[in-house]
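S.K.: Here you go, one structure.
The values are calculated or read from the model by the stated rules, or taken from the named source; none is laboratory data. All figures in this text were calculated on a predicted structure; none of them were measured in a lab. Positions of Cβ are backbone-derived with ideal geometry, glycine not excepted, and every protein chain shown enters the neighbour counts.
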């Protein structure tokens, strides 16, 4: 091949093995002396001198000459070492590096050493952030006064009601109930249930001192009723509040005057009435009904006026005879919430009712009258109301 042409002896390819075919593989093993190698597989040692032309191929043997042994099949030949070498334009990579297992991400990526944070002992520690508490709503003076007075009355207070073997009859008729024994702690809440005509209203009349029993003894606030003189009975009754099913409001008096009536009968000054009655009406949700008459009120509003009148003297015992009988269910639930709040203030509450849904919604122990007997049932009792 002449100089200037592209070939093994070319000056353009000086020092570089470039075959006639585009392949990166170069034979580096020991060539077979009897094998005629292609031009592109000439051993590299023969191409160290670019000016040296490749040796001519051996001539055909003459007739009669001894033939060379045939070459073994390619599969029986020893494996030749193959060197992986990139093309001339790429950087040289050794075969060992090409066959090496790639390093893991943790080995190939070097993370910076952890930063050590040092604190100076002399630096002051910042104080914790404190959120100021929300201001409590302003308490109603009437509510606070009632709580304080009832709390003082609860100290070593005797039971509110004790009945022992009580029986009641009207005239010469049979007893309404017989051998009734009861002990109600101060500050308790009870329902009074039973069928119609069982004696619920009669029992409530005994509790707010509207009648006396035919036999047996009753103690109110640690004192037997038999020992109270008739002239002292009104004072004892002022410790008891009563809410009736038919309200018993005075029609020609305003809402304010109906509620203030027990205080005026007790001789309270008008300054005391002016302090207590408006706050009490606001507490039962009738703050804007001061000057109205009962005739323009709804059944629920009349019942709330009756409740306010019953508690204006801050009684220790409150009895309510069917207070939810003439109102809808939503109003009945609101009335029960008022009774609950009074009970939390320390008042002993007894509510006579036939409404099973109220009893299940507001679970409290029950006093159940049936067959002239009184039983005390726990809250959530499944016993019938009949």
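S.K.: For the range 186-216, which residues satisfy the criterion of being under 19 Å from residue 230 (Cβ atoms), in contact (Cβ under 8 Å) with a residue 40 or more places away in the chain and surrounded by 16 or more Cβ atoms within 10 Å (Cβ to Cβ)? Break it down stepwise before answering.
M.R.: Here is the first cut: in the range 186-216, the ones under 19 Å from residue 230 (Cβ atoms) are 205-214.
Imposing the further condition that a residue be in contact (Cβ under 8 Å) with a residue 40 or more places away in the chain reduces the set to 206-208, 211, 213-214.
Once the filter is applied, which keeps residues that are under 19 Å from residue 230 (Cβ atoms), in contact (Cβ under 8 Å) with a residue 40 or more places away in the chain and surrounded by 16 or more Cβ atoms within 10 Å (Cβ to Cβ), the range 186-216 yields 206, 207, 208, 213.
S.K.: Quick check on the range 319-340: of everything there that is out of contact with any helix residue (DSSP H, G or I) (no Cβ under 6 Å at 6 or more places or on another chain) and touching a residue at least 60 places away in the same chain (Cβ under 8 Å), which residue is surrounded by the most Cβ atoms within 10 Å (Cβ to Cβ)?
M.R.: Within the range 319-340, the match that is surrounded by the most Cβ atoms within 10 Å (Cβ to Cβ) is 320.
S.K.: Need the failing condition index for residue 365 against (1) within 17 Å of residue 184 (Cβ to Cβ); (2) surrounded by 19 or more Cβ atoms within 10 Å (Cβ to Cβ), just the number.
M.R.: With respect to (1) within 17 Å of residue 184 (Cβ to Cβ); (2) surrounded by 19 or more Cβ atoms within 10 Å (Cβ to Cβ), residue 365 is out only on (2).
S.K.: Identify, please: which residue in the range 341-361 is modelled with pLDDT under 90 and under 23 Å from residue 176 (Cα atoms) and is, among those, surrounded by the most Cβ atoms within 10 Å (Cβ to Cβ)?
M.R.: Among those residues, the one meeting the criterion is 355.
S.K.: If you don't mind, there's one more thing I want to ask. Of the residues 206, 261, 182, only one is modelled with pLDDT of 90 or more, part of a helix (DSSP H, G or I) and in contact with a strand residue (DSSP E or B) (Cβ under 7 Å, 6 or more places away or on another chain); which?
M.R.: After ruling out the rest, the residue left standing is 206.
S.K.: Restricting to the range 362-386, what's the tally of residues that are touching a helix residue (DSSP H, G or I) at 6+ places or on another chain (Cβ under 9 Å) and at pLDDT 90 or above?
M.R.: 6
S.K.: Something else about it: Checking residue 291 against (1) under 43 Å from the mean Cα position of the chain (by Cα); (2) surrounded by fewer than 18 Cβ atoms within 10 Å (Cβ to Cβ); (3) not in a helix (DSSP H, G or I), only one condition comes out false. Which one?
M.R.: (1)
S.K.: Return yes when residue 285 is under 38 Å from the mean Cα position of the chain (by Cα) and either closer than 28 Å to residue 193 by Cβ or at pLDDT 90 or above (or both) and no when it is not.
M.R.: Against the criterion (under 38 Å from the mean Cα position of the chain (by Cα) and either closer than 28 Å to residue 193 by Cβ or at pLDDT 90 or above (or both)), residue 285 qualifies.
S.K.: Kindly indicate which of 163, 146 is within 26 Å of residue 364 (Cα to Cα), modelled with pLDDT under 85 and surrounded by 12 or more Cβ atoms within 10 Å (Cβ to Cβ). First the steps, then the outcome.
M.R.: Numbers: 163 fails: modelled with pLDDT under 85.
Unique residue meeting the criteria: 146.
S.K.: Can I ask one more? Name the residue, out of 324, 331, that is on the phi < 0 side of the Ramachandran plot, assigned to a helix (DSSP H, G or I) and within 36 Å of the chain's Cα centre (by Cα).
M.R.: 331
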